[in-house]
Each structure stands twice: as structure tokens, then as C-alpha cells.
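Report on the structure given below.
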Amino acid sequence: MDFEILEFNGEADHVHALIEYPPKLSISQILNALKGVSSRHYGQAGLPKPKGNKALWSPSYSAGSVGGAPLEILKQYIQTQSRPGRAGLESQ
């Protein structure tokens with residue numbers, strides 16, 4: 001889709017991603033693609049489904065822009081977040 005994930009990390013119940021994308025794409029298009037592809041790969045890898053037949057991803061998201069912030073500072077922030085893992089799925 002012509003976007004690039006520059007940095008990615010997260011916690012048990014959410015992720016942080018620094019994404020570079022052209023203005024022709026909307027954030028919702030990008031996130032729908034990421035959620036769909038990652039859900040498919042998750043299922044194909046045979047990983048356990050979330051408890052209670054919940055979906056892997058919530059339909060919601062939060063996005064923010066950071067005009068003028070140096071990319072290295074943003075990458076450092078994302079790198080300091082806990083890694084996403086199965087623990088969050090087990091507690092849902």
C-alpha cells in the first residue's frame with residue numbers, strides 16, 4: 001500500500017507504530033490493512049485465539065501526529081515500550 005513501518009513496539013493491550021505514508025492514504029486504510037494482515041498471519045501461525053471468542057484486534061484505534069519532532073526521539077519512545085505478547089491475550 002506504499003507505507004513503511006519505521007518503528008514498532010507495544011504493550012499487552014496496545015501497540016505503538018511509527019508509520020511513514022503518502023497523503024493519498026488515510027490512517028484508517030493503513031490500520032485496517034495492518035490489522036487484517038496481522039490477524040491472518042496470527043491465525044496461520046497457529047497461535048491461541050483470545051479468550052471468550054474475542055477478536056484479535058479492537059475496531060478502534062488512536063492516532064496522533066507529531067509535527068517537527070525528530071524521528072530518532074519518536075523511535076526511542078517506541079523502543080522503550082514493553083513488547084506485545086500473548087500475556088495480554090490471556091488476560092482478556
query = Which ones in region 56-92 are exposed (fewer than 12 other Cβ atoms within 10 Å of the Cβ), among the aliphatic types (A, V, I, L, M) and modelled with pLDDT of 85 or more?
reply = 63, 69, 73
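Tell me which residues, restricted to region 1-26, are of a type in the set (A, V, I, L, M) and loosely packed, with under 14 Cβ neighbours inside 10 Å. Explain how you work it out, then say what you get.
So in region 1-26, the residues of a type in the set (A, V, I, L, M) come out as 1, 5-6, 12, 15, 17-19, 25.
Matches in region 1-26: 1, 5, 6.
Condition check ((1) under 18 Å from residue 74 (Cβ atoms); (2) in contact (Cβ under 8 Å) with a residue 40 or more places away in the chain) across all residues:
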{"site": "6", "(1), (2)": "yes, yes"}
{"site": "12", "(1), (2)": "no, yes"}
{"site": "18", "(1), (2)": "yes, yes"}
{"site": "25", "(1), (2)": "no, no"}
{"site": "33", "(1), (2)": "no, no"}
{"site": "39", "(1), (2)": "no, no"}
{"site": "45", "(1), (2)": "no, no"}
{"site": "55", "(1), (2)": "no, no"}
{"site": "59", "(1), (2)": "no, no"}
query = Take the residues of region 1-39 that are within 14 Å of residue 59 (Cα to Cα) and among the charged types (D, E, K, R): which is modelled with the highest pLDDT?
reply = 35
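The values are calculated or read from the model by the stated rules, or taken from the named source; none is laboratory data. Bear in mind that the values here come from a model prediction, so they are computed numbers and not experimental data. All Cβ positions, glycine included, derive from the backbone under ideal geometry; neighbour counts span all protein chains shown.
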